[in-house]
C-alpha cells in the first residue's frame, strides 16, 4: 500500500537532509503510528506522501502508483485516494456540518442525490448523526475534528493520514477521535497517525515507527513510546 525505498529530502544543503534514506512499508489496512520530536521529519514525510513535495532521491509507491511516473495532471486523482486530517481542523466557518462534509464531494462533481445519500452515512461513522445543521463554532473541539475526519473519508480514500489530530484536544475528546480512527481502520482504510501523545501511543498498542533526525530509528509492532 505504502512503499518508500531509501527516500531522502533535502531543502537546504547547508542544513542537511530532512529525511535521510528512509525505507518504510505499510500494508493495506494497517494502522501505523509515526512518532518523533519536532524536526524529526514527520511533516516532510507526510508532504511527500501527498505529493506536496518531491523526494530528492529514492522511490515512493502508493497504492500501486509510482510517484516517479506520476504526471502533474494526475495528482488530484492521487489525492482523492489519500484523506488527510490536520490538527487545526480547517473547517469552513460559514458552512454547517453537513455542508462542510458535502463540499469535498461537490468540488469533484458528485451529484446532489449522491451527496444526500452519502454524507449521512459518513456522519454516522464519526458519531455526529443529529448535528448536521450545527455550525463549526457550535461544536466542541473533538466534534470539529470528527467533522474534519468525515470530510477526509467521504470520498472513500484507501489511506487516511491523521497529522496530530488530537494535538488541540483534551483527553476525552482526544479518545473520541482515536476511536473513530480505529473504526475507520476496521472498515478497511489504511491509517497513518502522527502524534506526540504518549498515552495514545501506549494504549493503542499498534505498530510504531520512530523518526529521529530524518531517519527511522525504530519500527516495532505493539510498541510503547517514551519521550
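The values are calculated or read from the model by the stated rules, or taken from the named source; none is laboratory data. Here the structure is a predicted model, which is why all the values come from computation and not from measurement. Please note: Cβ atoms are built from the backbone with ideal geometry, for glycine as well, and neighbour counts cover all protein chains shown.
The residues listed here are 220, 158; of these, the one that is closer than 30 Å to residue 121 by Cβ, modelled with pLDDT under 95 and touching a strand residue (DSSP E or B) at 6+ places or on another chain (Cβ under 9 Å) is 158. Restrict the check to segment 163-181 and report whether at least one residue is farther than 21 Å from residue 116 by Cα and assigned to a strand (DSSP E or B). Scanning segment 163-181 turns up at least one residue that is farther than 21 Å from residue 116 by Cα and assigned to a strand (DSSP E or B).
Every condition in (1) under 22 Å from residue 80 (Cβ atoms); (2) under 13 Å from the mean Cα position of the chain (by Cα) is met by residue 54 except one, and the failing one is (2).
Checked across segment 82-90, the condition of being assigned to a helix (DSSP H, G or I) and either loosely packed, with under 15 Cβ neighbours inside 10 Å or on the phi > 0 side of the Ramachandran plot (or both) holds for no residue. Residues that are touching a helix residue (DSSP H, G or I) at 6+ places or on another chain (Cβ under 9 Å) and loosely packed, with under 14 Cβ neighbours inside 10 Å within segment 112-134 comprise 112, 114, 116, 129, 130, 133, listed in sequence order. The residue that is modelled with the lowest pLDDT, among those in segment 183-203 that are part of a helix (DSSP H, G or I) and touching a strand residue (DSSP E or B) at 6+ places or on another chain (Cβ under 7 Å), is 201.
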